[in-house]
C-alpha cells in the first residue's frame, strides 16, 4: 500500500524537517520512501512544502498530485492544498494560525493548536515537532517510539534542545490521540 503526505506551510516552520523525520522513521521500519522538498527562493517566510511517499513496494514516481494526507501549518497552505487530498485522508490543521476549517465531509480533520502547544512546551520553534507527532499519532503510519528516536538523532548535535523537543513530541502525541 502507498500513502502520500504533503507537509505545507511557510519557510522557517520546519516543514522540510518534519517531512524528513517521518520519511526517516518509515525507512527505518522497512518501507520504501521518497522525500521531495519544494520551496520558493524566499525560504524563510515564503511558501514551503514537501511530499513524503511511504510504500511497501517500489515507488513508481515521487511526484504526487493528490496526496492521501495534508499537514497544513498555515492558512494559505490549507486553502491551496485542501481540495487535492484524496477522500478518506487526514487534513491536519494548525489552529493556532488557521482560523478556518476544511469544508469537506469526506476527510478526517485533525485540528491542533500547534503553536500554542509548542509555546507551552518551551518554544514556538518546536511547533513542527508537535505537528509531526500529532499527525503520526492520528495516522498510525509509523511507530511513535521509533519516530521519537529519529527526532533525538536529528538533534544529537544540539543536545540542549532535545528535552524541549521530547516535551513537544509527547504533547503532540496527546493532541493527536485526543482528536
Add -39500 (n - 2.57) for each DSSP H run of 4 or more in the chain, then divide by its residues: what number comes out at 222 nm, to the nearest 500 deg cm²/dmol?
-12000 deg cm²/dmol
Tell me, what is the FRET efficiency for residue 103 and residue 1 to the nearest 0.05, using R0 = 35 angstrom and their Cβ-Cβ distance as r?
0.80
Suppose we take every Cα in the range 102-148 and form the convex hull; what volume per residue is that in Å³?
74 Å³
Among 49, 58, which comes first, then next, by fewest other beta-carbon atoms within 10 Å?
58, 49
Using the 10 angstrom Cβ neighbour count as an exposure proxy, how do 108, 68 rank, fewest first?
108, 68
Given the chain, what whole percent of its Cα pairs are spread farther than 31 Å?
7 percent
What list do you get for 92, 135 if you sort them by fewest beta carbons within 10 Å?
135, 92
Report the residue, chosen from 157, 133, 34, that carries the largest GNM mean-square fluctuation when the chain is represented by alpha-carbon nodes joined by springs under 10 Å.
157
Using label points projected 7 Å from each Cα along Cα→Cβ, tell me how many nm separate residue 145 and residue 29, to one decimal.
1.5 nm
Quick one: work out the % antiparallel among DSSP beta bridges in the chain, nearest 5.
55 percent
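No lab work stands behind these numbers, since they all come straight from the coordinates. Only a predicted model underlies this, so the values are computations on that prediction, with no experimental measurement involved. Cβ atoms come from the backbone with ideal geometry, glycine included; neighbour counts cover every protein chain shown.
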